[in-house]
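Participant: One structure is given below, represented as C-alpha cells, and several questions about it will come after.
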C-alpha cells in the first residue's frame, strides 16, 4: 500500500510526517536539527530514501544534511559554496554595487534521473550543482554571468534563488527564479541562460516591464506539460504556454493576487492552487480567513476552498516553498503556515485538516509518495 | 593536549562531548587549533570560520583564561595555560537574537 511522507522545514528544525494512503492518521518525527533554520527538505525522485536538507543558522552558517534511510539518520555533507571566479557585484537596496556574498541555501532540487546529482539555489542568488550526493558543490556560473547580473537587486527577504524546475522531458532545460531579479531558463544544461520575464508587469520598479527586476515568488509546472508554467509573482498570478517566452496574467477573480505559493494538481495539469495574501505590507490572508483558491481552468476562474480551514482571526502567512502535492488519487495537497500548522487535503482541496498545529514557523513543505 | 569547549549546537553537529582534546602540531595559535579541530571533525568546517577567508564567523567569539581573544591575530600564540592544557579554549556563540 502506498504511503506519504511530508517533509517540513521550519525556523527551528525539520519534521517528517508520515501516513498511509488514506492520509488520515499521521506520525510526526522530529525535530531534526532542533534550533536550526531548515529552509528546505527534499527527497530524490530516483531514490526516495535519499533526502537532502538545508540547515542554517546566523551563528554557524550553512550545512547540508543528507539521509540515505528516509530521514531516520542524517549525515552532514559538503557546505562549501564558493562562487566561481571573481564574484563581482549586484545592486544593493540603495542601488549601489554590492559584492556577491553567500548567505544560505534556499532550495534543494534533486535530479530527476540521478540520485547523486542535486541542485542548490542560494542567497546571494546563484545556482550550484553537486554530482556526488552533496559532498562537493560547483557553481553553474553562466547564470550570474547573464549580462543582467549586475542589475539584480534583493527583495525584502534577500536575493535568494528559490525556485528550480527541472524539465522532465528535456534534460538540458531548467527554469529558476530569483527574488527580485525574475525568472530565467537554460536550454543547454546550465551553461547559458535567458531571462524569461516578458509579459510581467511590476509597478514597483522604475520600468514596469524591464527585462529583470521582477519579484517572482514561485513557479510551478506539471510534469506532463513542462512548457506550461504558472507563476505567483509579488503581485499577479501569471501563466506561460511557451516555456516562459511570454507570460499573461490569470489572476481573474482572486480576492487579491498577492501571495507566495503556487502548485499544480498531480493528475490535472489545468488545476492549480494559490493562497491569496492580503498585501505585501500585511502578509496575512484577507479578512482573517485562511483560504486556498483553486482554478480548474489554468487560471482566471478561481474558487475558494475553505472547508476545514480557519474562517476567522487567522493571520498567518504561507511562504513560497510551503505547498506541495502528492501523486495519489485523489491528489493530496499540503501547505504549511508561519503559525506552525501543516494542513492537508486528501481530496484535491475539497476538505482540509491540520496534520500538526504547533510547529515552529513553516518555511517549506515537500511530499514524497512512496510505494 | 589542547582542550576546546564547543557550544551546544556544534557539539551536536560533531557528535562530540562539550570539551574535546586535540593534538596540535607546532605552535599553538587560533589557526592551528581550529585547523586541528576541523581535521578531527570535518563537519565543523565553515561553521566556526569561513571556508576560504578563514575569518571567524561574526556571531562567534573565542575566549580563554578570562580573556576575549576574538580579535587577536589568528597566528598569535595562545596563552600558556591553553598550551599546557590547564585552561580550555572556548568557542562561544553570541547571546543574541532576542
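Throughout, read-outs are computed from the coordinates displayed, never taken from laboratory work. Bear in mind that the values here come from a model prediction, so they are computed numbers and not experimental data. As a convention, Cβ positions derive from the backbone with ideal geometry for all residues, glycine included, and neighbour counts pool all protein chains shown.
Participant: How high is the FRET efficiency from residue A:72 to residue A:3, r the C-beta distance, R0 22 Å, rounded to 0.05?
Facilitator: It comes out at approximately 0.95.
Participant: When the Cα atoms of the range A:284-371 are enclosed in a convex hull and the volume is divided per residue, what value in Å³ results?
Facilitator: On the way: hull volume 9.0 nm³, N = 88.
It is 102 Å³ per residue.
Participant: Which shape class, rounded, prolate or oblate, goes with the range B:2-93 when its Cα gyration tensor gives a ≥ b ≥ c as root eigenvalues, a/c under 1.5 marks rounded, and past that a/b bigger than b/c marks prolate? Kindly include the intermediate steps, with their values, before the conclusion.
Facilitator: Working: a/c = 1.33, a/b = 1.17, b/c = 1.14.
Verdict is rounded for the range B:2-93.
Participant: Specify whether the C-alpha gyration tensor of the range A:22-70 places it in the rounded, prolate or oblate class, a ≥ b ≥ c being the square roots of the eigenvalues: rounded for a/c under 1.5, otherwise prolate if a/b is larger than b/c and oblate if not.
Facilitator: oblate
Participant: How much of the pair distance distribution for the range A:135-281 lies past 21 Å, counting alpha-carbon pairs only, in percent?
Facilitator: On the way: 4292 of 10731 pairs.
Tail of the P(r) past 21 Å holds 40 percent of the pairs.
Participant: So, one more: At a 10 Å Cβ-Cβ cut-off, how would you order A:175, A:315, A:83, fewest neighbours first?
Facilitator: A:315, A:83, A:175
Participant: Normalised by the number of residues in the range A:3-370, what is the relative contact order in percent for Cα pairs under 8 Å and 6+ residues apart?
Facilitator: 12 percent
Participant: Average the reciprocal distances over every distinct pair of alpha-carbons in the range A:230-286, invert the result, and give the Kirkwood radius in Å.
Facilitator: For the range A:230-286, inverting the mean 1/r across all distinct Cα pairs yields 11.9 Å.
Participant: To the nearest 0.05, how large is the calculated FRET efficiency for residue A:27 and residue B:55 if R₀ is 45 Å and r is the Cβ-Cβ distance? Don't jump to the answer; show the numbers that get you there.
Facilitator: Values: r = 43 Å, r/R0 = 0.96.
It comes out at approximately 0.55.
Participant: Something else about it: Using only alpha carbon positions, build the gyration tensor of the range B:53-95, then give the equivalent ellipsoid semi-axes as the square roots of 5 times its eigenvalues, largest first, whole angstrom.
Facilitator: 18, 13, 8
Participant: Next up: Please rank A:191, A:264, A:237, A:77, fewest neighbouring Cβ atoms within 10 Å first, as an exposure proxy.
Facilitator: Final ranking by Cβ density, sparse to dense: A:191, A:77, A:264, A:237.
Participant: Still on this structure, I have one more. Okay, helix-only estimate at 222 nm for chain B: each DSSP H run of n ≥ 4 adds -39500 (n - 2.57), divide by all residues, round to 500 deg cm²/dmol; what do you get?
Facilitator: After summing the helix terms and dividing by residue count, I get -6000 deg cm²/dmol.
Participant: Still on this structure, I have one more. With no solvent and one point per C-alpha, what does the Debye sum give as log10 I(q)/I(0) for the range A:27-102 at q = 0.17, 0.22, 0.23 Å⁻¹?
Facilitator: Summing over Cα pairs of the range A:27-102 leads to -0.78, -1.01, -1.06.
Participant: Ignore the peptide's own chain and count Cβ atoms of other chains within 10 Å of each Cβ in A:75-82; give me the average, rounded.
Facilitator: 4
Participant: Could you tell me what fraction of 2.2 N^0.38 Å the Cα radius of gyration of the range A:1-158 comes to, as a two-decimal ratio?
Facilitator: Ratio of Cα Rg to 2.2 N^0.38 Å: 1.13.
Participant: Quick one: A:331, B:65, A:215, fewest Cβ neighbours within 10 Å first, how do they rank?
Facilitator: The fewest-first ordering by Cβ neighbours comes to B:65, A:331, A:215.
Participant: For residue A:242 and residue A:303 in one chain, what is 0.36 nm times their gap in residues minus the Cα-Cα distance, to one decimal in nm? Intermediate values should be presented prior to the final figure.
Facilitator: Values: separation 61, 0.36 × 61 = 21.96 nm, distance 2.58 nm.
Between residue A:242 and residue A:303, full extension yields an extra 19.4 nm.
Participant: Okay, moving on. Compute the projected area of the convex hull of the Cα atoms of the range A:223-365, averaged over all viewing directions, and report it in nm² to one decimal place.
Facilitator: Average projection, Cα convex hull of the range A:223-365: 7.7 nm².
Participant: Between residue A:132 and residue A:327, 0.36 nm times their residue separation minus their Cα-Cα distance comes to what?
Facilitator: Once the chain is fully extended between residue A:132 and residue A:327, it gains 67.4 nm.
Participant: What is the distance, in nm, between label points placed 7 Å from the Cα along the Cα-to-Cβ direction at residue A:204 and at residue A:357?
Facilitator: Those two pseudo-labels are separated by 3.4 nm.
Participant: I need the fraction of alpha carbon pairs in chain A separated by more than 37 Å, rounded to a whole percent.
Facilitator: Pairs farther apart than 37 Å: 12 percent.
Participant: Using alpha carbon centroids, what distance separates the range A:124-161 and the range A:290-349, in Å?
Facilitator: Computed from Cα coordinates, the inter-centre distance equals 30 Å.
Participant: To the nearest 0.05, how large is the calculated FRET efficiency for residue A:89 and residue B:25 if R₀ is 51 Å and r is the Cβ-Cβ distance? Intermediate values should be presented prior to the final figure.
Facilitator: Details: r = 40 Å, r/R0 = 0.79.
It comes out at approximately 0.80.
Participant: Could I ask something else about it? Across the residues of B:53-65, average count of Cβ atoms on other protein chains within 10 Å?
Facilitator: Working: counts 0, 0, 0, 0, 5, 2, 5, 3, 0, 0, 0, 0, 0.
Per-residue shielding by partner chains comes out at 1.
Participant: Divide, for the range A:96-163, the radius of gyration over alpha carbons by 2.2 N^0.38 Å, where N is the residue count.
Facilitator: That ratio works out to 1.16.
Participant: Counting partner chain Cβ atoms within 10 Å of every residue's Cβ in B:35-48, what's the average?
Facilitator: Average neighbour count from other chains, rounded to a whole number: 3.
Participant: For the ranges A:110-118, B:18-26, what's the packing order if you count other beta-carbon atoms within 10 Å of each residue, average per peptide, and put the highest first? Walk me through the numbers on the way to the answer.
Facilitator: Values: A:110-118: 17.9, B:18-26: 13.1.
Peptide ranking by packing, descending: A:110-118, B:18-26.
Participant: For the range A:172-256, what's the relative contact order in percent, using C-alpha pairs closer than 8 Å and at least 6 residues apart?
Facilitator: Rounded, it is 22 percent for the range A:172-256.
Participant: By how many nm would the segment from residue A:156 to residue A:101 grow when fully extended, if each residue of separation counts as 0.36 nm and the alpha-carbon distance is taken off?
Facilitator: 18.2 nm
Participant: Any chance you could check the Cα centroid distance between the range A:237-275 and the range A:170-233 for me, in angstrom?
Facilitator: 13 Å
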